[in-house]
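Below you'll find the structure, written out as structure tokens, and then a few comments.
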Amino acid sequence: MEVLAGFPEDCAKAIEEAEKVDLGPVPTGNPDSLVVAGMGGSAVGGTILGDWLQEESRIPIQVSRGYHLPGYVNEDTLVFVVSYSGNTEETLSAFQEATSRGCPVATFTSGGTLARLSSERGLPCFRLPPGMRPRAALPYQFFSLATAARRLGVFSEAWGEVDEALEVLRDFREMLRVGSPTSSNPAKRLAYDIKGYVPFVYGPPIFRGVAYRYSTQFNENGKTPAGWGYFPEAFHNAVMTREAPKEIAGSLCAVIIMDPMEGEIMAKKIEGFKKLMESSIGRILEVQAYGTGRLARILSAQYVGDYASAYLGLLQGFDPSSTDSIEALKGI
Ligand code: PA5
């Protein structure tokens, strides 16, 4: 809860630190594409970066989750390798591939093997502070990636949205924090309303990464099964779940992330989706994002979900931080 409350300040600290990192051999020109390699909580910064820069970026930004990088990755592809622990085997394998293909590489980690290999090879390493849960280090992870991407010429104009985003987060925190009562706390309300249901999280394309983050945070912090999708794609498949057998449909809960800047056509379709779904599934809940710039809207929506997932874990009697099953698989 303390880490969550410090989110806005951690974002500012992350930027300050990332500005100082020596970029070493990485060219600051125009790369052909950016690939962010990471797993689980360490991949989220990359998806949010891609959603934020969707309109401005003239190069593709892809997140690669797994042992291997996409086939097109070559010496003109900028590769950011992210592992909070620095020891995740899939990410270390992607790192080896990136260096053997001659890609310009920067790493983002709190230590471990990744930090050691970066220093041995003279690569820029953006250090994430130790002692956090990987998924809770998102402010450091995301803003280190964003600062590095800006410094390396991936984008420039969207950076002007950062101040508004941090201001929105600071204001929003007052509603979301532990001391704020449930009646005026959207994250606590969301957790109470989800308890007992299987949440499926949806949002327009700007919240694609955020919807995914909600579902993984509900899994990890809330110890709850969850799914996700995004509009308009969900109008072509997920809407059919309303026709599921009653006992299944009744256990589902759709969480819809609403964009304050939503266009008319999409807003009408989302209303239609809600109407169809509410006649059959267990419940429909809405989350409101805040702000004007894309970054404020994305991070405010994500902030509610992070808090709600931790409240959900607590409500169900779990420690939101624990990851025993993830560790069990890492040990195999
Ligand atoms: O949030 C978590 O704890 C996980 O999703 C981890 O991020 C994931 O297992 C990858 O580990 P790491 O971030 O250390 O590379």
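The values are calculated or read from the model by the stated rules, or taken from the named source; none is laboratory data. Since we're looking at a predicted model, the values are computed, not measured. Reconstructed Cβ throughout: ideal geometry from the backbone, glycine too, with neighbour counts over all protein chains shown. Remember, those area values only see protein heavy atoms, side chains included, never the ligands or the DNA or RNA. Shrake-Rupley method; radii C 1.70, N 1.55, O 1.52, S 1.80 Å.
Is it possible to state the helix-based mean residue ellipticity at 222 nm for the chain, with each DSSP H run of 4+ residues giving -39500 (n - 2.57), the sum divided by total residues, to the nearest 500 deg cm²/dmol? What is it?
Using -39500 (n - 2.57) per qualifying helix, the result is -13500 deg cm²/dmol.
Rounded to a whole number of µm²/s, how large is the Stokes-Einstein D of segment 1-140 at 37 °C and 0.692 mPa s, given Rh as the Kirkwood radius over C-alpha pairs?
216
Round to a whole angstrom and tell me the spacing of the C-alpha centers of segment 278-318 and segment 31-110.
27
Explain nothing, just compute: Karplus ³J(HN,Hα) = 6.51 cos²θ - 1.76 cosθ + 1.60, θ = phi - 60°, for every residue of segment 220-233 in order, whole Hz, x for Gly and Pro.
Values, residue by residue: 7, 7, x, 6, 9, x, 7, x, 7, x, 9, 8, x, 3 Hz.
Whose amide H sits under 5 Å from the amide H of SER33, counting only residues 5 or more places off or on another chain, with H placed in the peptide plane?
LEU78
Report ³J(HN,Hα) in whole Hz for each residue of segment 22-29, in order, from the Karplus equation J = 6.51 cos²θ - 1.76 cosθ + 1.60 where θ = phi - 60°; Gly and Pro get x.
Per residue, the Karplus-derived 3J(HN,Hα) values read 6, 7, x, x, 6, x, 8, x Hz.
Report, in cubic angstrom per residue, the convex hull volume of the C-alpha atoms of segment 99-156.
Value for segment 99-156: 93 Å³ per residue.
Tell me the carbon and sulfur percent of the accessible area for the chain, rounded to whole percent, probe radius 1.4 Å.
Answer for the chain: carbon and sulfur cover 53 percent of the accessible area.
Starting from the Cα of LYS268, draw a straight line to each of the aspartates and glutamates and keep only those under 18 Å, dropping any in the same chain fewer than 8 residues away.
GLU233, ASP259, GLU278, GLU286
Determine the per residue accessible area of segment 169-325 with all protein chains present and a 1.4 angstrom probe, expressed in square angstrom.
The answer is 44 Å² per residue.
How far is it, in nm, from the label point at GLU164 to the one at THR292 when both lie 7 Å from their Cα along the line to the Cβ?
In this crude label model, GLU164 to THR292 measures out at 0.5 nm.
Quick one: grab Rg to one decimal and Dmax as a whole number for segment 248-332, Cα atoms only, in Å.
16.8, 50
Over all alpha-carbon pairs in the chain, figure out the percentage whose distance exceeds 39 Å.
12
Per the Kirkwood formula on distinct C-alpha pairs, the Rh of segment 106-197 is how many angstrom?
Over segment 106-197, the inverse of the mean reciprocal pair distance is 16.2 Å.
At a probe size of 1.4 Å, how large is the accessible area of ASP324, to the nearest 10 Å²?
Accessible surface of ASP324 is approximately 120 Å².
Just to be sure I understand: with springs between alpha-carbon atoms less than 10 Å apart, which residue in LEU176, LEU49, LEU117 has the highest mean-square fluctuation in the Gaussian network model of the chain?
LEU117
Relative contact order (percent) for segment 1-156, with alpha-carbon contacts under 8 angstrom and 6 or more residues of separation?
About 33 percent, as a whole number.
What number, in percent, do you get for the relative contact order of the chain if the mean sequence gap of Cα pairs under 8 Å and at least 6 apart is divided by its residue count?
18
For every other residue with a beta carbon closer than 12 angstrom to the beta carbon of GLU55, add +1 if it is Lys or Arg and -1 if Asp or Glu, then tell me the sum.
Here the charged neighbours net out to -2.
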